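Read through the structure below, which is laid out as structure tokens, and then see the notes.
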Amino acid sequence: MPDHHHDHSAHHHAAHDHSAHGAVVHGAPADAVAAYSRSYEAAQPDPGRRVVSVELDAVDVDWEFSPGKKTRAWGFNGQVPGPVIEARQGDVLEVRLTNRLPEPTTIHWHGLQIPASMDGTDMVQHPIAPGESFTYRFKLPDAGTFWYHPHMNETVQLERGLYGAIVVRGPNEPELDAERVLVLDDVALDRKGEIKPPGGWIEHHDGRQGDTRLINGRKEPELEMAAGQVERWRIVNASSARYVLLSIGDRPFTIIATDGGLIDAPVTVSEVLLTPGDRVELAVGPFAEGEIVPIDALRYDRKTMARARNERFGTVRVGTAAPSHAVIPPKLRDIEALVPRTAEATREVHLGARMSLKHGVDFLVNKESHHRDQPVKVGELQVWDVVNDTMMDHPFHLHGFFFQVLDVNGEPPAFRSWEDTVNVPPKARVRIAWLPDDRPGEWMYHCHILEHHESGMMGHFAVIR
Ligand code: C2O
Ligand code: CU
Ligand code: CU
């Protein structure tokens, strides 16, 4: 049997037939409810911290990506993106999700190091049926910029607008003049201004790259900023497939944080790559009064069928000057190396593809769709070589645990950081290290190009004691 039985028109992982391959059929384990109850009870705030309660309703909404033009979309609490969830490190976040969509959903807390049973995938919980509610409850162990999105029918649910940012503040944050959250996305609209249904072999290969580019749910908006100030921009790339090689008017800016929070020391550059799923935090400015500064995605050739070019996400209009008290400390935090640079790999994860009569191409891990990988033991250091056997880039995302990038094709990264998503260039080998702490259960990693994820470029593994 040469082909997989994927039905991409009505995609539900649980309905896949992988029986002939020994690959993973999605579904919650028998003890899912008990594990959930245990995690729920165990989630208590640190001394002096509190419980942050949030209600999220996944609903239909007429959303104006551009003023005056309505598009039928889906949004948490009727907005795209959903509300920014703000809390402090050590708080407990309690989110009651009510599903008012016509199909089942869940929420995955991208980047949060929480118990497996709260990870929001259909491997750890039963999908939330239309009309039902489900409450997630967990402690926020890390400061940083994270995001939330469904972990079902992602190519539809995220494209329609179900995603939002999470800001977790730590005790020692750099003091800048102002802060803003920028959630980047793109949508593909048809002539009537409605979101196109997924489909087509080019989209299956490239992932969907829409031509309406959004910041916080608005097409190419104009942001106002005071002259002379330095702002902290928390940026999330929520696109299905778009790589954003971010440029802010070709001016220098300073990276202060990535996926897993502050990096060790600030790094000044004039462009930074955000793959789908990635976050970065920048110190931006100062600019002079009256300047108009473009926010662009520069041409990044990730070897798609569609040609890459420079594209605009928005602009900054610089207003009258305001005083600045911004200080970027030369040292942001201590990040100790998990392993020596020369550590040998303990596992290889191959990102691959195979010709398919049905789809043109299937995307795989270790030659398998929805690969079942070896378990990982709590406390045993993991050094993984993520090897890209294909001719295009893939953003590799690990659920629930931060990793350090040791090298990309033998080259160490420009700075030390904690990541949950890393780009794996064509034919490249990226060596990462991570430590499974005591959060046993079903975990996964996958390509964050949603079409590749859907096609099965993912691996599943248990963390065991
Ligand atoms: Cu943001 Cu499994 O993904
Ligand atoms: Cu899977
Ligand atoms: Cu991919």
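The values are calculated or read from the model by the stated rules, or taken from the named source; none is laboratory data. The structure displayed is predicted, hence computed values, not measured ones. Note that each Cβ is placed from the backbone with ideal geometry, even for glycine, and that neighbours are counted across all protein chains shown. Side chains included, ligands, DNA and RNA excluded: accessible areas come from the protein's heavy atoms. Shrake-Rupley method; radii C 1.70, N 1.55, O 1.52, S 1.80 Å.
In table form, for the structure just shown:
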item	result
Spatial separation of Cα centroids for segment 314-371 and segment 134-194, in angstrom	16
Accessible area of S37 in the full protein assembly, 1.4 Å probe (Å², nearest 10)	50
Cα-only radius of gyration and Dmax that characterise segment 188-264, units Å	16.3, 48
Accessible area (Å², 1.4 Å probe, nearest 10) - D437	70
Accessible surface of R431 - all protein chains present, 1.4 Å probe, nearest 10 Å²	40
Approximate spin-label separation A42-E224, in nm, with each point projected 7 Å along Cα-to-Cβ	4.8
Estimated inter-spin distance, K367 and H126, nm [label 7 Å along Cα→Cβ]	3.8
Percent accessible area from carbon and sulfur atoms, the chain, protein chains only, probe 1.4 Å	51
Residues in segment 425-465 reached by a label modelled at V378 [backbone nitrogen below 20 Å; 7 Å Cα→Cβ]	434-444, 461-465
Calculated diffusion of segment 32-183, Stokes-Einstein form, Kirkwood radius summed over Cα pairs, 10 °C and 1.306 mPa s, µm²/s	99
Contour minus Cα-Cα distance for S133 and I202 (0.36 nm per residue)	21.2 nm
Against the rule of thumb 2.2 N^0.38 Å, how large the Cα Rg of segment 68-126 comes out	1.34
Cα Rg, Dmax, segment 224-312, angstrom units	13.7, 43
Segment 69-130 and segment 392-465: distance between their alpha carbon centers, rounded to Å	22
Inter-probe distance in nm under a simple model that places probes 7 Å from Cα toward Cβ, at R307 and T268	3.6
P(r) of segment 355-411 over all Cα-Cα pairs, binned every 10 Å from zero, in whole percent	15, 45, 31, 9, 1
Largest-first ellipsoid semi-axes for the chain, taking √(5λ) over the Cα gyration tensor eigenvalues, angstrom	31, 26, 24
FRET E, pair S66, L435, Förster distance 35 Å, beta-carbon r, rounded to 0.05	0.15
